[in-house]
1. Using only the alpha-carbon atoms, how far is helix 156-169 inclined from the longest principal axis of the chain? Give it as 0 to 90 degrees, nearest 10.
2. Go ahead and run the numbers for FRET between His139 and Thr27, Cβ-Cβ distance against an R0 of 41 Å, rounding to 0.05.
3. Extending each Cα 7 Å along its Cβ direction at Asp201 and Leu18, get the distance between those two points in nm, one decimal.
4. Rounded to the nearest 0.05, what FRET efficiency is calculated for Gln56 and Gln246 with R0 set to 25 Å and r the Cβ-Cβ distance?
5. Can you work out the Karplus-derived ³J(HN,Hα) for every residue in the range 175-181? Use 6.51 cos²θ - 1.76 cosθ + 1.60 with θ = phi - 60°, whole Hz, and x for glycine or proline.
6. From the backbone phi of the range 194-205, what are the Karplus-calculated ³J(HN,Hα) couplings (6.51 cos²θ - 1.76 cosθ + 1.60, θ = phi - 60°) in whole Hz, Gly and Pro given as x?
7. Mind pulling the angle between the C-alpha long axis of helix 121-140 and the longest principal axis of the chain? Nearest 10 degrees, somewhere in 0 to 90.
8. Normalising by the residue count of the chain, find the relative contact order in percent from Cα pairs under 8 Å and 6+ residues apart.
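Derivation of every value follows stated rules applied to the coordinates shown; laboratory data play no part. Note that the structure is predicted; figures quoted are calculated from it, not measured. Methodologically, a virtual Cβ is constructed for each residue, glycine included, from the backbone with ideal geometry; neighbour enumeration extends over all protein chains shown.
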Amino acid sequence: MSEPILKAEHLGITFGGLKAVSDFNMTINKGELVGLIGPNGAGKTTVFNLLTGVYQPTEGAFYLDGKKMNGKKTYQVVRAGIARTFQNIRLFKQMTVEENVLVAFNESFTYKMGGAIFRTPRFWKQENDMHAKAIDLLHIFGLEGLANTEAANLPYGAQRKLEIARALATGMKLLLLDEPAAGMNPTETEDLLNCINTIRDRFGIAILLIEHDMSLVMNVCQRIQVLDYGRTIASGLPEEIANNPQVISAYLGADDDTESEEAN
Ligand SMILES: Nc1ncnc2c1ncn2[C@@H]1O[C@H](COP(=O)(O)OP(=O)(O)OP(=O)(O)O)[C@@H](O)[C@H]1O
């Protein structure tokens, strides 16, 4: 059997005295979409930061396609094939929609300096290939008609989709989506859900999704892992998670906290 795309073994990190994530274990195979959920402060974003080299683990290890990734810097992680979107959208706002995707392609297309200066046939072929690939990618997200629009002028939902398109353009194996439906209305969320299903089927990549919108998580994820205070409290199929008493109590506890905070 082939290696899983992602394998995390006993991964953890301590900040001062706080164990933000401990004994985190996860396997994601090609074409699988796994949800990572948990109350606020449970450690979800820290897991993403560990998997992208923003933080170095203080315990455990993780592997991409069988290759150990501990100690790698963020750019090395991206090159190896892990891409990520953020809670707050990070696009090149002054660039067009197409340019945002083209920037992400630059690793996979290389032409010699001379070719770029003298505009050789090879240079133009690569330019055309990149344009065709960018439009193809934008088409999946229904953004091809907006290719020449400045990213800053896109509606919110379209900006979120462009962020994912750009992550896909890096040619990655593992896509980490951090709350992609945050701030979206129900129509935009449904549209996003369709896009996520399409890219998983079409690109056969592994996806790890952090999301607070439970209907989205339950609808798209094949498996779900739940964190609370940095530890995994449950892992399984969506229906198992929805009925797990420990998960329900972790979320209800979080609600109680919010209510008491609001009352103060
Ligand atoms: N760089 C850091 N230094 C110190 N503590 C940190 C750091 N990053 C995260 N933490 C702490 O680790 C814990 C987990 O935070 P994290 O942001 O991963 O939670 P989360 O599940 O993503 O929460 P949310 O759903 O609110 O985004 C929190 O207690 C947080 O304060």
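1. Orientation of helix 156-169: about 70 degrees from the principal axis.
2. Numbers: r = 32 Å, r/R0 = 0.79.
It comes out at approximately 0.80.
3. 4.2 nm
4. Numbers: r = 30 Å, r/R0 = 1.20.
Efficiency at R0 = 25 Å is approximately 0.25.
5. Residue by residue, the range 175-181 yields 10, 9, 10, 9, 6, x, 8 Hz.
6. Each residue's phi maps through the Karplus curve to give 4, 4, 4, 4, 4, 5, 5, 5, 6, 9, x, 8 Hz.
7. The angle comes out at about 40 degrees.
8. Across the chain, relative contact order equals 27 percent.
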